[in-house]
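In what follows, a single structure is set out as structure tokens and then discussed.
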Amino acid sequence: MISSPTGALPERDEEWAEREARSTFKPKDVEEPIDFWMNRPLAHYLVRFFAPLPITPNQVTLLSGLVGLLAGVVIATAPLGPSLQVPLGGVLLYLSILLDCADGQLARLRGETSMVGRMLDGCVDVVPTGAVFVGFFVFMWRAGYDPIFLNVVGWAAGYCLKWHVHSYDHAKNLYLANVLPPSERSKPLPTYDEIRRERDAHRERGDAFGALVLSGFLRFTRAQRTGFQATRIGLGLPAPATGAERAYYRDQFRNTMRLWSYNGLAIHLTFLLIAAAFTPFYRGAALVSWFFILGPMNLLTVYLRTTERRIEESLQVELLAAEQQ
């Protein structure tokens, strides 16, 4: 897709540009709707800006974290009187979200996706989220809210957000690994050996940072694939081998996967954006977003994990019956 050594994009008509933008998105089955319909189309303009520049996707990832950190500082230091500083922090958070979308889109456009970039992106995602949580905590504490109450609700919401996003991430990767052709399986769901080999290759090249990131990726992957998750089709059991089997797996899990896509990081950050917009009218607006994470989003996660398990167990019974015939 890149037509010159500098990565410059050629002139194209609007229809072609739209197809090009969509080609850098994740598969629609697993993409968060707010990302697919709004964030990624807007991030594509950033991608077109970055494409001819000597900037790497990983550098865009780090820039996303820095802007998100600044968003938290702006919110924390906002005046308690009439002011648009907290909404300004929300604008910076949204810019961080767009940069977070742009890094992966730029990598896919250039063919530069990597395990290091994937793990680095996941690590840096913590920075804007944590910074804005802390920013709202400091702002509401300064506004007179009880700090013990804020700590309890804020930490609980933060850990629940982590649970939701990690659950969605694992469900997405396992789904893709079982519906994509075998040649593409390792992209969403690399094996432990594949991660180790990549880590060791970075060590041999003297890339200590990349090796460190991949060591973290290996630990994170092990944490995701424990207990019931380790026994699933595509992990503990063989992945679907034929096109018909992959289509059947997709048919069984697609509706659940679409619901999972409403439980990723983008929707949680959208709650914080809404809170930032309403804070000038109600100083405790962030509390509403935290309680929404603790209530409806927790219920959605429990429902999805339960439904996913029921479907998985039913499919495994079908597999066992087919083997015995």
task = Please state which of the following conditions Arg283 fails to meet, knowing it meets all the rest: (1) part of a helix (DSSP H, G or I); (2) within 26 Å of Leu265 (Cα to Cα).
result = (1)
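One line per residue, one yes/no per condition, for (1) touching a residue at least 12 places away in the same chain (Cβ under 8 Å); (2) closer than 28 Å to Pro82 by Cα; (3) small (Gly, Ala, Ser):
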position	(1), (2), (3)
Thr129	yes, yes, no
Phe133	yes, yes, no
Asp146	no, yes, no
Val153	yes, yes, no
Tyr159	no, no, no
Lys172	yes, no, no
inquiry  = Going by what's in this entry, would Asp100 be described as of a type in the set (D, E, K, R), at pLDDT 90 or above, crowded, with 17+ Cβ neighbours inside 10 Å and in a helix (DSSP H, G or I)?
reply    = yes
request  = Six or more apart or on different chains, Cβ under 7 Å: which pairs go from a residue in the stretch 88-113 that's more than 30 Å from Thr77 (Cα to Cα) to one that's in a helix (DSSP H, G or I) and basic (Lys, Arg)? Could you list them?
outcome  = Gln105/Arg40
request  = Could you please find all residues in the stretch 277-308 being surrounded by fewer than 19 Cβ atoms within 10 Å (Cβ to Cβ), within 19 Å of Val132 (Cα to Cα) and of a type in the set (A, V, I, L, M)?
outcome  = Ala277, Val288, Leu294
task = Restrict the check to the stretch 134-142 and report whether at least one residue is assigned to a helix (DSSP H, G or I) and touching a His at 6+ places or on another chain (Cβ under 7 Å).
result = no
key: Test: Val126 is under 23 Å from Lys162 (Cα atoms) and of a type in the set (A, V, I, L, M)   = yes
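Listed here are the residues, each with its yes/no results for (1) in contact with an Asp or Glu (Cβ under 6 Å, 6 or more places away or on another chain); (2) within 30 Å of Phe292 (Cα to Cα); (3) modelled with pLDDT of 95 or more; (4) of a type outside the set (Lys, Arg).
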position: Met140; (1), (2), (3), (4): no, yes, yes, yes
position: Ala156; (1), (2), (3), (4): no, yes, yes, yes
position: Tyr159; (1), (2), (3), (4): no, yes, yes, yes
position: Pro182; (1), (2), (3), (4): no, no, no, yes
position: Lys187; (1), (2), (3), (4): no, no, no, no
position: Pro190; (1), (2), (3), (4): no, no, no, yes
key: In the stretch 151-202, the residues that are more than 13 Å from the chain's Cα centre (by Cα), among the aliphatic types (A, V, I, L, M) and closer than 17 Å to Leu259 by Cβ   = Leu174, Leu176, Val179
request  = Could you check, for the stretch 301-318, whether at least one of its residues is in a loop (DSSP other than H, G, I, E, B) and on the phi < 0 side of the Ramachandran plot?
outcome  = no
task = Output the qualifying pairs, or none if there are none: Cβ atoms under 6 angstrom, residues six or more apart or on different chains, first residue in the stretch 221-239 and within 13 Å of Asn173 (Cα to Cα), second residue small (Gly, Ala, Ser) and in a helix (DSSP H, G or I).
result = Gly234/Ala177
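Listed here are the residues, each with its yes/no results for (1) under 23 Å from Thr129 (Cβ atoms); (2) modelled with pLDDT of 90 or more; (3) surrounded by 13 or more Cβ atoms within 10 Å (Cβ to Cβ).
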residue: Arg19; (1), (2), (3): no, no, no
residue: Lys26; (1), (2), (3): yes, no, yes
residue: Pro33; (1), (2), (3): yes, yes, yes
residue: Val47; (1), (2), (3): yes, yes, yes
residue: Pro57; (1), (2), (3): yes, yes, yes
residue: Ser64; (1), (2), (3): yes, yes, yes
residue: Gly68; (1), (2), (3): yes, yes, yes
residue: Ala71; (1), (2), (3): yes, yes, yes
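The values are calculated or read from the model by the stated rules, or taken from the named source; none is laboratory data. None of the values given here were measured: they were computed from a predicted structure. Heads up, the Cβs are rebuilt from the backbone with ideal geometry, glycines too, and the neighbour counts pull from every protein chain shown.
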